[in-house]
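The values are calculated or read from the model by the stated rules, or taken from the named source; none is laboratory data. Computed from a prediction, not measured in an experiment: that's the story for all the values here. Methodologically, a virtual Cβ is constructed for each residue, glycine included, from the backbone with ideal geometry; neighbour enumeration extends over all protein chains shown. Accessible surface areas use protein heavy atoms only, side chains included; no ligands, DNA or RNA. Shrake-Rupley method; radii C 1.70, N 1.55, O 1.52, S 1.80 Å.
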Amino acid sequence: MRLLIIEDNQRLCQAVAESLRAQGFAVDTAASATEGLRIWRAADYDAAVLDLMLPDGTGLGALKEMRDRGNMTPVLILTALGAIEDRVRGLDCGADDYLVKPFAMQELIARLRALLRRPGAALGRTLTLGSVKLDTSARIATVGETQLDLTRSELIVLEALLRNQGRVISKERLAECLYDFEQERSANSVETQVHRLRKKLAAAGADVSLRTLRGLGYLAS
């Protein structure tokens, strides 16, 4: 899952990003409304964290533009503006949740997970294909009764493949799931993760095939 943080306080932004990455998310960051909108238009995000007071405009302006474009990414406003009228204005402009600074990091993560568990969102259900199951909230994968020992990257690849089971997912899309803009990508990183995941599934006796379609991508069936 991929998240976007638009926050001009560099220390706070970095702390939030690191905490979310530790939870298994790929995270992109922006320090202004202009930069945030540019990044937001360029990639698909499962959720966004948005400050209201940005150096080149308001977060609400950025939110309104994306909603006008039909982008319904779940948005959590994170701001020092805690008056009732500020909360109402943010929610009326299309935000899905509102958290006032200072805040507890655990609450921020919990609120984001709650947004991602909403109907049609990224979390909150078990993905199943054959004998393979993935609990998207607990981040636990099993084959039958056997729990798989998967790395963070292998879990991300498995989730992407299971969400697209029966359909080809491109190498580029898998790379987007695995890495944010700031992370360095090796030429063979996706192939390496798929290869390792395939071996672990086979060792556990999974009746699932991860097929490589040359020039197209990968298919779980």
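A few comments on the model shown:
- Most fluctuating residue given options A206, A48, A26, as computed from a GNM of the chain linking Cα atoms under 10 Å: A206
- Mean projected area (nm²) of the alpha-carbon convex hull when the chain is viewed from all directions: 12.5 nm²
- Here the Gaussian network model covers the chain, with springs between Cα atoms less than 10 Å apart; of S32, S153, S209, S209 fluctuates the most.
- Carbon/sulfur fraction of accessible area - the stretch 1-89, other protein chains in place, 1.4 Å, %: 50 percent
- Charging the Cβ of each Asp and Glu at -1 and of each Lys and Arg at +1, and nothing else, the dipole of the chain about its Cα centre rounds to 860 debye.
- Each label was represented as a point 7 Å from its Cα along the Cα-to-Cβ direction; for R152 and R113 these points are 1.6 nm apart.
- Selected from N71, N164, N188 as most flexible by GNM, with the chain as the system and alpha-carbon contacts under 10 Å: N188
- Relative to the dominant Cα principal axis of the chain, helix 33-42 is inclined by about 30°.
- Sparse-neighbour loop sites [trypsin sites (Lys or Arg not before Pro); the stretch 130-179; at most 13 other C-beta within 10 Å; DSSP]: R167
- When nucleic acids and ligands are ignored and a 1.4 Å probe is applied, R89 ends up with an accessible area of around 110 Å².
- Largest to smallest accessible area among D96, D51, D44 [probe 1.4 Å]: D44, D96, D51
- Distances between every pair of Cα atoms in the stretch 50-148, grouped in 5 Å steps from 0 to the bin holding the largest one, split as 2, 12, 18, 17, 16, 11, 8, 7, 5, 3, 1 percent.
- Cross-link pairs K171/K199; K101/K133; K64/K171 - those with Cα-Cα distance over 30 Å: K101/K133; K64/K171
- With the largest listed first and rounded to whole Å, the semi-axes of the equivalent ellipsoid of the stretch 1-87 from the Cα gyration tensor are 18, 16, 12.
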